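Undergrad: One structure, pasted below without further comment.
Derivation of every value follows stated rules applied to the coordinates shown; laboratory data play no part. Bear in mind the structure is a predicted one, so any value in this text is a computation, not a measurement. Neighbour counts run over all protein chains shown; Cβ positions are idealised from the backbone, glycine included.
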């Protein structure tokens with residue numbers, strides 16, 4: 001039987017993720033708005049297809065057979081540029097068979113700003129575009145949906161320390177960081193696919209939570225030779241990403257200090 005995986009939004013995360021899903025025996029189709037990215041996707045073993053979005057119409061350049069043999073569809077596309085983000089994802093999800101496993105790449109940004117440890121049952125910012133997308137997908141596909149709430153992503157050519165390099169007296173130096181390495185994010189997705197973890201929500205966040213002052217100060221010095229100065233103030237939430245470890249074979253294996 002054919003096993004197709006469709007990735008809606010095949011960028012910084014979707015490309016290497018798709019490459020690893022190919023190794024599981026899937027034919028992987030990666031959707032992008034920019035056809036110029038097709039050759040890069042091919043290098044990952046991914047078959048590129050065109051995504052077209054506007055407020056009136058959404059089209060996927062996939063055949064009926066490709067859609068009907070899709071066992072996993074992954075949404076890895078941010079709300080930027082969408083007027084109707086949640087509704088657009090719902091429209092796409094409805095194109096696929098009723099048995100298709102839907103995985104939504106969400107964000108820990110959906111949680112309210114609090115000064116405590118936050119888990120999957122904590123209060124959400126209901127006005128956040130990603131929260132609205134979660135709610136709509138849960139309402140329609142809960143029994144075959146997995147939501148992965150990703151912390152701040154770090155990896156090759158991507159690190160939030162770059163935003164601080166030209167700044168001084170940076171606020172909230174004592175606030176904890178909530179980050180996750182790409183090398184841990186991809187195994188989380190693979191675990192969810194292989195173990196069929198449906199009807200679940202998981203935070204994907206490193207168990208390391210140093211202060212912004214300590215973490216970004218060390219990384220800036222180590223990677224760029226830059227001395228940062230932070231204000232010794234602030235606090236914030238700590239994302240608990242342990243649920244997926246307790247309920248599956250997944251483990252966090254990469255320290256956030258590896259850059």
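Undergrad: Roughly what % antiparallel, to the nearest 5, for the DSSP beta bridges in the chain?
TA: 15
Undergrad: Of 174, 150, 89, which has the largest mean-square fluctuation in a 10 Å C-alpha GNM of the chain?
TA: The residue that fluctuates most here is 174.
Undergrad: Once you have the Cα-Cα distance between residue 195 and residue 246, take 0.36 nm times their residue separation minus that, and quote the gain in nm to one decimal.
TA: 17.0 nm
Undergrad: In whole Å, what is the distance between the alpha-carbon centres of the range 76-150 and the range 230-250?
TA: Rounded to whole Å, the Cα centres lie 19 Å apart.
Undergrad: How many nm is it between the label spots at residue 227 and residue 37, if each spot is 7 Å from the Cα in line with the beta carbon?
TA: If labels sit at residue 227 and residue 37, their model points lie 4.1 nm apart.
Undergrad: Right, something else. Rounded, prolate or oblate for the range 1-74? Axes are the square roots of the Cα gyration tensor eigenvalues, ordered a ≥ b ≥ c, and the cut-off for rounded is a/c under 1.5.
TA: Cα axes put the range 1-74 in the oblate bin.
Undergrad: Could you list 244, 170, 117, 46 so that the one with the fewest beta carbons within 10 Å of its beta carbon is first and the one with the most is last?
TA: 117, 170, 244, 46
Undergrad: According to the square roots a ≥ b ≥ c of the eigenvalues of the Cα gyration tensor, what is the shape class of the range 1-135, taking rounded for a/c under 1.5, prolate for a/b larger than b/c otherwise, and oblate for the remainder?
TA: In terms of gyration-tensor shape, prolate.
Undergrad: Separate question: Of 146, 100, 255, how do they rank once you tally other Cβ atoms within 10 Å and put the fewest first?
TA: With the sparsest Cβ surroundings first, the list reads 255, 100, 146.
Undergrad: Another question, then. With the crude spin-label approximation of a point 7 Å out along Cα→Cβ, what separation in nm comes out for residue 91 versus residue 50?
TA: According to this spin-label approximation, the distance is 1.7 nm.
Undergrad: Would you mind calculating the gained length between residue 98 and residue 218 on full extension (0.36 nm times residue separation, minus the Cα-Cα distance), in nm to one decimal?
TA: 38.4 nm
Undergrad: To the nearest 500 deg cm²/dmol, what mean residue ellipticity at 222 nm is calculated for the chain from DSSP H runs of n ≥ 4 alone, each contributing -39,500 (n - 2.57), summed and divided by the residues?
TA: -7000 deg cm²/dmol
Undergrad: Here's something else I'd like to know. So for 139, 132, fewest C-beta neighbours within 10 Å to most, what's the order?
TA: 139, 132
Undergrad: Counting only DSSP beta bridges with both residues in the range 30-133, tell me the antiparallel percent, nearest 5.
TA: Bridges in the range 30-133 are about 35 percent antiparallel.
Undergrad: Turning to a different aspect of this structure: Using a Gaussian network model of the chain with C-alpha springs under 10 Å, which one of 167, 243, 37 is most mobile by mean-square fluctuation?
TA: Maximum fluctuation in the GNM of the chain, among the listed residues, is at 167.
Undergrad: Rounded to the nearest 0.05, what FRET efficiency is calculated for residue 112 and residue 172 with R0 set to 25 Å and r the Cβ-Cβ distance?
TA: E between residue 112 and residue 172, to the nearest 0.05, is 0.90.
Undergrad: Could you compute the FRET efficiency for residue 158 and residue 123, with r as their C-beta to C-beta distance and R0 at 30 Å, rounded to 0.05?
TA: It comes out at approximately 0.55.
Undergrad: Which residue, 114, 177, 72, has the most motion in a Gaussian network model of the chain that connects Cα atoms within less than 10 Å?
TA: 114
Undergrad: Please compute the alpha carbon radius of gyration of the chain, then divide it by the globular-protein estimate 2.2 N^0.38 Å. Two decimals is fine.
TA: The chain yields a ratio of 1.04.
Undergrad: Then there's this: Taking 25 Å as R0, compute the FRET efficiency from the Cβ-Cβ separation of residue 65 and residue 12 and round it to 0.05.
TA: Using R0 = 25 Å, I get an efficiency of 0.25.
Undergrad: Here is a further query. Mean 1/r over all different Cα pairs, inverted: what Kirkwood radius does the range 86-240 give, in Å?
TA: 17.1
Undergrad: A follow-up question, please. With a ≥ b ≥ c taken as the square roots of the eigenvalues of the C-alpha gyration tensor of the range 64-141, please select rounded if a/c is under 1.5 and otherwise prolate if a/b is larger than b/c or oblate if it is not?
TA: Here the range 64-141 falls in the prolate category.
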